[in-house]
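Everything below concerns the one structure shown next.
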Amino acid sequence: MPKREAAESSARERLLASAGELFYREGVQTVGIDRIISHAGVAKASLYNNFGSKEELVRAYLDCRHTDTTERISRALTRFRTPRERLLGVFDAQGEQFTDPGFNGCAFVMASAEAPPGGAIERAAEAYRGWIRDLFTTLAREAAVADPDSLARQLHLLYDGAGLSARMDHDPSAATTARAAAAALLDAAPKAEHA
């Protein structure tokens, strides 16, 4: 039994790695399950035993992207000391991603644009977007902003816009521009009375 569990785990990991590579590079709808199975070097039954459907494979791929992004940004923020630096550091972390030669835009935007509403893919994208918004809200609160929710919404728009510009305009400096705009918004934001 342990060998079978190891083989299934290995098949699951290979399927996720293949899906991650192909989905991100070419798009969720463009890449069929047969191609993922072939790329992963596993039997077709492995996909259905591990995920049940392509939609669940896409959801698992997005969950992995969410985890990777959370870890990458959290690691990057440890380099900054003040609340202001940490808040603006989110854009630094984003900019590092834009310089990757394989950068192809936001995986969540791409996957959800192709997905039917109300499904597992949309829920995975909503969870990711909720995490980004919560991160900005927390950092704005730590920076003693009077209305952290409002500033977080503004910063989230900048974050999204930077990602779109980096992808569509092939502009890896978009995060630097977004960071400057975020700094202006933060500096102009009224401070909390207890600050």
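The values are calculated or read from the model by the stated rules, or taken from the named source; none is laboratory data. Because the structure is a prediction, the values reported are computed rather than measured. Counting neighbours? That spans all protein chains shown, and the Cβs are built from the backbone with ideal geometry, glycine included.
From the list Phe91, Phe80, which one is buried (at least 19 other Cβ atoms within 10 Å of the Cβ) and either more than 24 Å from Val31 (Cα to Cα) or modelled with pLDDT of 95 or more (or both)? Write out each step before concluding.
Details: Phe80 fails: buried (at least 19 other Cβ atoms within 10 Å of the Cβ).
Of the residues listed, the single one that is buried (at least 19 other Cβ atoms within 10 Å of the Cβ) and either more than 24 Å from Val31 (Cα to Cα) or modelled with pLDDT of 95 or more (or both) is Phe91.
Residues that are at pLDDT 95 or above, surrounded by fewer than 16 Cβ atoms within 10 Å (Cβ to Cβ) and in a helix (DSSP H, G or I): does the range 112-122 have at least one?
Within the range 112-122 (the criterion being at pLDDT 95 or above, surrounded by fewer than 16 Cβ atoms within 10 Å (Cβ to Cβ) and in a helix (DSSP H, G or I)), the answer is no, since none of the residues qualifies.
Among the helices (runs of 4 or more DSSP H) confined wholly to the range 16-104, which include 2 or more residues that are basic (Lys, Arg)? Before the answer, list the steps.
Working: elements: 33-40, 44-50, 54-77, 83-98.
Per the criteria, 54-77, 83-98.
Does at least one position in the range 134-156 carry a residue that is surrounded by 17 or more Cβ atoms within 10 Å (Cβ to Cβ), farther than 26 Å from Pro190 by Cα, modelled with pLDDT of 95 or more and not assigned by TED's automatic domain parsing to the domain that holds Val28?
No, the range 134-156 contains no residue that is surrounded by 17 or more Cβ atoms within 10 Å (Cβ to Cβ), farther than 26 Å from Pro190 by Cα, modelled with pLDDT of 95 or more and not assigned by TED's automatic domain parsing to the domain that holds Val28.
Given (1) surrounded by fewer than 18 Cβ atoms within 10 Å (Cβ to Cβ); (2) within 18 Å of the chain's Cα centre (by Cα), where does Asp171 come up short, assuming only one miss?
(2)
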